[in-house]
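Here is the structure we will look at, set down as structure tokens.
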Amino acid sequence: MIIIIVLLVLQISVGSHIYFLIQYVLKKEQKHLKWFVNTAISNILIAGILTVIALFRPDLIRNLNLLLLFWVMTGVLMMAMLFVKLRIIRNIVRRSRDPSNYHLNYFGKKVLHENVVQQGELVTFFVTIPFFLMAGAYFLARLTNLLLYGRL
């Protein structure tokens, strides 16, 4: 069980590491660089902990339930992709409500400007769709199997 928790923490740390790298490249803010370096250090420490556990307690690795591990990790991946999608949608809705991002046409209808949807957000939204669908399908199929038959 401890291996699953450590691997889950490593997955979350690697995901946040990639997130802060992308944020630093896009925004060039010092706080994102600081968090990028911090997550790099935490990734190395967590991987070191896993290595030490594997060297001194190989029976924990041998007895690892891989179905449970994959199920938990795909659930985390699915939730991360859902969080990314919801955040992008929230940003677009906020910008669409800002009066500086739209004008009214001759008939009184709101016409949004092109800066409401940024190109990077659009690409990110569509690139994450396959990962969300694959991880979500596996997670929900295993969850259904667990609820119906009591086993993963």
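The values are calculated or read from the model by the stated rules, or taken from the named source; none is laboratory data. Here the structure is a predicted model, which is why all the values come from computation and not from measurement. Every residue, glycine among them, receives a Cβ derived from its backbone with ideal geometry; neighbour counts consider all protein chains shown. Only protein heavy atoms, including side chains, enter the accessible area calculation; ligands, DNA and RNA are left aside. Shrake-Rupley method; radii C 1.70, N 1.55, O 1.52, S 1.80 Å.
In a fully extended conformation the segment linking T51 and L147 would gain 31.1 nm over its present Cα-Cα distance, using 0.36 nm per residue. A 1.4 Å probe over all protein chains sorts Y24, Y106 by accessible area into Y106, Y24, starting with the largest.
Counting only Cβ charges, +1 for Lys and Arg and -1 for Asp and Glu, the dipole size of the range 1-116 around its Cα centre is about 520 debye. Based on DSSP H segments of at least four residues, each scored -39500 (n - 2.57), the chain has a per-residue ellipticity at 222 nm of -28000 deg cm²/dmol.
Taking a Cβ cut-off of under 12 Å around V127, the surrounding Lys, Arg, Asp and Glu residues balance to a net charge of 0, with basic ones at +1 and acidic ones at -1. A Förster radius of 22 Å combined with the Cβ-Cβ distance from L68 to N43 puts the calculated FRET efficiency at roughly 0.45.
Computed from Cα atoms alone, the Kirkwood hydrodynamic radius reported for the range 48-102 is 14.8 Å.
Of all aspartates and glutamates in the structure, the ones whose alpha carbon falls short of 18 Å from that of K110, not counting any fewer than 8 places away in one chain, are D98. Angle of helix 30-56 to the longest C-alpha principal axis of the chain, folded into 0 to 90 degrees and rounded to 10: 20°. Expressed as a whole percent, the accessible area of the range 55-95 that falls on carbon and sulfur atoms is 74 (1.4 Å probe). Relative to the longest principal axis of the Cα atoms of the chain, helix 66-97 runs at roughly 10 degrees. Spatial offset of the range 62-91 relative to the range 14-44 amounts to 20 Å, using the alpha carbon center of each. The residues of the chain have, on average, 71 Å² of accessible surface per residue, using a 1.4 Å probe with all protein chains present. Applied to the range 144-152, the Karplus parametrisation 6.51 cos²θ - 1.76 cosθ + 1.60 on θ = phi - 60° returns per-residue 3J(HN,Hα) values of 5, 4, 5, 6, 7, 10, x, 8, 7 Hz, with x for Gly and Pro.
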